[in-house]
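Only one structure is covered here, and it is reproduced in the block below.
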Amino acid sequence: MRKKIIAANWKMNMTVAETESFLESFRLEIEDVTGVEIVIAPPFTALAKLSELLGGSQKIRLGAQNFYFEKSGAYTGEISATMLRELFVKYVIVGHSERRAIFGETDAIINQKVLAAHASELKPILCVGETLAEREAGKEKQVLETQLRGGLAGVTPGQLLDTVIAYEPVWAIGTGKTATSAQAQDAHAHTRAVIAGLSDQATADKVRIQYGGSVKPANARELLHQPDIDGALVGGASLEARSFAEIIKAGGEE
Ligand code: PGA
């Protein structure tokens, strides 16, 4: 049984004050939820405050949206794994399509981040997904395979169990256009098969694969009940406590 993992990717949103008021209402909203792992990845500036407010909560885990793979040094503007660990960050999003497209991250860079995350006992959430042009050209499976093989190179089966994959079709991110549950399930099953090829079936069966791209309370239940969909990575709809809580309830047992 794979425990569902539902993560908020706040991107470049939410001040410290907004984070505090979000958490106050969010905690009430999810009081009765069980059986789902919840992660919030705020911007770096709100991590310390959120860490303090969560106080080591088992129910809500802290995530970061990015980090740099070097240990320390002359990397102006970057944040290390050690800095994240100091704040009790547990998960780190790696290879988000916005990092790939806007900040030029390649599969090779992303792979270094995945390996560095494991070396520091951070669990990477590795994002993969095709663009609209790639899907229209019938290349989505090929793209997924390249990104997975590239991003996961050198990752051991043991480390794979501590890796979350997020399938996020680029054309569905922030567009209001969700993949149908059948399209998503198909991509997730393919992702699991690629992971089995990189390790073994028993390992692949335990790896959690999130769907991301315009997940909302209205479509969450159907997506989250597909056999190979083990959670969600939520952008826009995670900025409001009630809507994020509704998505979590759609995936959890109440
Ligand atoms: P969205 O973003 O939910 O706003 O589409 C998802 C993501 O980019 O992780």
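Just wondering, is there one or more residues in segment 165-184 that are in a helix (DSSP H, G or I), away from the ligand (no atom under 12 Å from the Cβ) and not polar (S, T, N, Q)?
Yes, the conditions are met somewhere in segment 165-184.
So which residues in segment 78-104 are over 24 Å from GLU52 (Cβ atoms) and not basic (Lys, Arg), if there are any at all?
The answer is VAL94, GLY95, HIS96, SER97, GLU98, ALA101, ILE102, PHE103, GLY104.
For segment 72-90, check the following and say yes or no: at least one residue is surrounded by fewer than 14 Cβ atoms within 10 Å (Cβ to Cβ) and touching a residue at least 40 places away in the same chain (Cβ under 8 Å).
No, segment 72-90 has no match at all.
From the list SER243, SER199, pick out the single residue that is at pLDDT 95 or above, more than 18 Å from GLN185 (Cα to Cα) and away from the ligand (no atom under 15 Å from the Cβ).
Among SER243, SER199, only SER199 is at pLDDT 95 or above, more than 18 Å from GLN185 (Cα to Cα) and away from the ligand (no atom under 15 Å from the Cβ).
Please pick out the residue among GLU105, GLU86, GLU136, GLU140 that is within 16 Å of the ligand (Cβ to nearest atom) and among the acidic types (Asp, Glu).
GLU105
Can you pull out every residue in segment 48-71 that is surrounded by fewer than 17 Cβ atoms within 10 Å (Cβ to Cβ) and more than 27 Å from GLY252 (Cβ to Cβ)?
ALA48, GLU70, LYS71 - these are the residues of segment 48-71 that are surrounded by fewer than 17 Cβ atoms within 10 Å (Cβ to Cβ) and more than 27 Å from GLY252 (Cβ to Cβ).
Would it be correct to say that THR178 is in contact with a Pro (Cβ under 6 Å, 6 or more places away or on another chain), closer than 26 Å to ALA237 by Cα and buried (at least 17 other Cβ atoms within 10 Å of the Cβ)?
For THR178, the condition - in contact with a Pro (Cβ under 6 Å, 6 or more places away or on another chain), closer than 26 Å to ALA237 by Cα and buried (at least 17 other Cβ atoms within 10 Å of the Cβ) - is not met.
With respect to the numbered conditions (1) under 23 Å from GLY63 (Cβ atoms); (2) in a helix (DSSP H, G or I); (3) within 16 Å of the ligand (Cβ to nearest atom), which one is the sole condition not fulfilled by GLN210?
Among (1) under 23 Å from GLY63 (Cβ atoms); (2) in a helix (DSSP H, G or I); (3) within 16 Å of the ligand (Cβ to nearest atom), GLN210 violates only (2).
Residue-wise test of (1) under 18 Å from the mean Cα position of the chain (by Cα); (2) crowded, with 18+ Cβ neighbours inside 10 Å; (3) assigned to a helix (DSSP H, G or I).
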| site | (1), (2), (3) |
| --- | --- |
| ILE195 | yes, yes, yes |
| VAL215 | yes, yes, no |
| GLU222 | no, no, yes |
| ASP228 | yes, yes, no |
| ALA232 | yes, yes, no |
| PHE244 | yes, yes, yes |
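The values are calculated or read from the model by the stated rules, or taken from the named source; none is laboratory data. For clarity, every value in this text was computed on a predicted model and none was experimentally measured. Positions of Cβ are backbone-derived with ideal geometry, glycine not excepted, and every protein chain shown enters the neighbour counts.
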